[in-house]
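The structure appears below as structure tokens.
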Amino acid sequence: MADDFSRSIARVVVAQIAEGTGFDTCQESAVDILADLLLRYLSTVCASSHSFAEQAGRSQANLADTLLSLEELGVTPDDLHSHIQLQQVRNSG
């Protein structure tokens, strides 16, 4: 049940991202694949964040743990900052 719910939410998120980046339509199979990739990516980030928290002697992850996890996957704070700025420009114009 939770898996179906997560997949449904991921499909909506993928569709919204596609629409926000200029796509008018998407094939169902493409949305399904991208939703699966999104869920796997989030699962990886969460598991890695949890590991960093445990290594620091904490039971819950914090922002620093999540940033370390993203960096481990090749996403830098500068990348995040650039993405936020781009979204702000898109939303204001």
Label-point gap, in nm, between residue 32 and residue 44 - each point 7 angstrom along Cα→Cβ: 2.2
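Place a +1 charge on the Cβ of each Lys and Arg in the chain and a -1 charge on the Cβ of each Asp and Glu, then give the dipole magnitude about the Cα centre in debye, rounded to the nearest 20. Let's see the in-between values first.
On the way: 5 positive and 13 negative charges, 37 e Å.
So the magnitude is around 180 debye.
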Calculated FRET efficiency for the pair residue 89/residue 6, C-beta based, R₀ 35 Å, to 0.05: 0.70
Relative contact order of the chain, pairs being alpha-carbon contacts under 8 Å that are 6 or more residues apart, as %: 18
Nearest-ten-degree value, helix 77-92 long axis tilted from longest Cα axis of the chain: 30
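Quick one: length gained pulling residue 71 to residue 23 fully straight, 0.36 nm per residue minus the C-alpha distance? Please report the intermediate quantities before stating the final value.
On the way: separation 48, 0.36 × 48 = 17.28 nm, distance 2.89 nm.
Here the segment from residue 71 to residue 23 would lengthen by 14.4 nm.
Percent of accessible area on the range 16-92 owned by carbon and sulfur, 1.4 Å probe?
Numbers: 3300 of 5840 Å².
The value for the range 16-92 is 56 percent carbon and sulfur by accessible area.
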Bins of 10 Å, starting at 0 and running to the largest distance - Cα pair percent for the chain: 15, 32, 39, 13, 1
The range 19-68 - Debye-derived log10 I(q)/I(0), Cα point model, q = 0.13 Å⁻¹: -0.47
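The values are calculated or read from the model by the stated rules, or taken from the named source; none is laboratory data. Since this is a predicted model, take the numbers as computed values, not measurements. Backbone-built Cβ (ideal geometry, glycine too); neighbour counts: all protein chains shown. Side chains are part of the model used for accessible areas, which takes the heavy atoms of the whole protein and leaves out ligands, DNA and RNA. Shrake-Rupley method; radii C 1.70, N 1.55, O 1.52, S 1.80 Å.
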